[in-house]
1. So, in nm, how far is label GLU108 from label ARG231 when the simple model puts each one 7 Å beyond its Cα toward the Cβ?
2. In terms of modelled amide H atoms, which long-range or inter-chain residues lie less than 5 Å from the amide H of ALA249?
3. For ASP28, ASP47, ASP226, what's the fewest-to-most ordering of other Cβ within 10 Å of each Cβ?
4. Any chance you could list the semi-axes, whole Å, largest first, of the equivalent ellipsoid that the Cα gyration tensor gives for segment 200-264, using √(5λ)?
5. Averaged over every viewing direction, what's the projected area of the C-alpha convex hull for the chain? Give it in nm², one decimal, please.
6. Go through LYS9/LYS166; LYS149/LYS277; LYS87/LYS141; LYS50/LYS214; LYS4/LYS214; LYS149/LYS189 and tell me which ones have a Cα-Cα distance over 21 Å in this structure.
7. Ranked highest first by the average count of other Cβ atoms within 10 Å around their residues, in what order do 74-80, 156-162, 262-268 fall?
8. Nearest 500 deg cm²/dmol is fine: what mean residue ellipticity at 222 nm does the chain get from its DSSP H runs of n ≥ 4 alone, each adding -39,500 (n - 2.57), divided by its residue count?
Amino acid sequence: MTAKIIDGKAAAAELRQKLAERIAARGDKPYLAVVLVGDDPASLIYDRNKQKAALSMGMGCDIYHLPEQTTQAELLELVGKLNEDEKVNGLMVQMPLPAHIDPSAVIESIRPEKDVDGFGPYNAGLLHENDPRAMVAATPKGILYLLQKELPSLAGKHAVIIGRSKIVGRPLSSLLLNCDCTVTVAHSKTQNLPELTRQADILVAACGRPRMVKKDWVKEGATVIDVGINRIDGKLCGDVDFDEVKERAGLITPVPGGVGPMTVAMLLDNTYSAYLKQIDKLK
């Protein structure tokens, strides 16, 4: 068998079109502020893509680009101003930050209602409690969107997530538990990893190791979600050996064109949701 490819690019385009129609119908303009410190090439490209997508949908979006030597105090001062700015509905600070800045302090300084990345402790706690008010991190939210689009039900499925980061692994485990999956989170200290992944109905690779997941790691007919973005000889690849694994999986996301486009779409979806909640509070 050859796996069906999950087209994240098409799903993201469909979602962005629906959001654009809703924004146009309201006649207002949700606004996203993106703060970038330094000149990391990947971050620059990612933020420009976010801005381009937001503007194409009728949102406002500005990138506040600060020099590498910006101090933590200066960054926190800018975040504080954007927190107070009523025009700003969504606020995110691009990671990674320079080594002299504490990312936790910065994330915690963002007001929960504007935390469209969903990384802050308030929103993480709401997600853990399965509270619908939670702002869910964009990548896990995008993964869940694709899974629910492709699978009739997630209840009872065994999901194995390789990676325990606060950005993907941990919030995704909560999302899938809330959908009645049985969830196993594997990491660098996990023993007998291939034996574990072969039990997965849903296998999510988010470990940052190029092509680590091989064909014999995968259960026949499993759904494989590849979150990895790596480069080998200048070419993008994921954490899954796509050419091998597609011969055993039932469904699989490609890299590029899988989870990546959904991350941007869900960030903008979060911004629109934040905008609606803030508008309601003003009424």
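Every number in this text was worked out from the coordinates using simple rules, so none of it is lab data. Since we're looking at a predicted model, the values are computed, not measured. When we count neighbours, we look across all protein chains shown, and the Cβ atoms used for this are built from the backbone with ideal geometry, even at glycine.
1. Result for the modelled spin labels: 3.5 nm.
2. Residues meeting the amide H criterion: ALA3, GLY221.
3. Ascending Cβ contact count within 10 Å gives the list ASP28, ASP47, ASP226.
4. Details: eigenvalues 66, 34, 18 Å².
Semi-axes from the Cα gyration tensor: 18, 13, 9 Å.
5. Details: hull surface 60.3 nm².
The directionally averaged projection comes out at 15.1 nm².
6. Values: LYS9/LYS166 24 Å; LYS149/LYS277 26 Å; LYS87/LYS141 25 Å; LYS50/LYS214 32 Å; LYS4/LYS214 17 Å; LYS149/LYS189 33 Å.
Cα-Cα > 21 Å for LYS9/LYS166; LYS149/LYS277; LYS87/LYS141; LYS50/LYS214; LYS149/LYS189; rest within.
7. On the way: 74-80: 16.6, 156-162: 21.7, 262-268: 24.9.
Ranked from most to least packed, the peptides come out as 262-268, 156-162, 74-80.
8. Details: 10 runs with 119 residues, N = 283.
After summing the helix terms and dividing by residue count, I get -13000 deg cm²/dmol.
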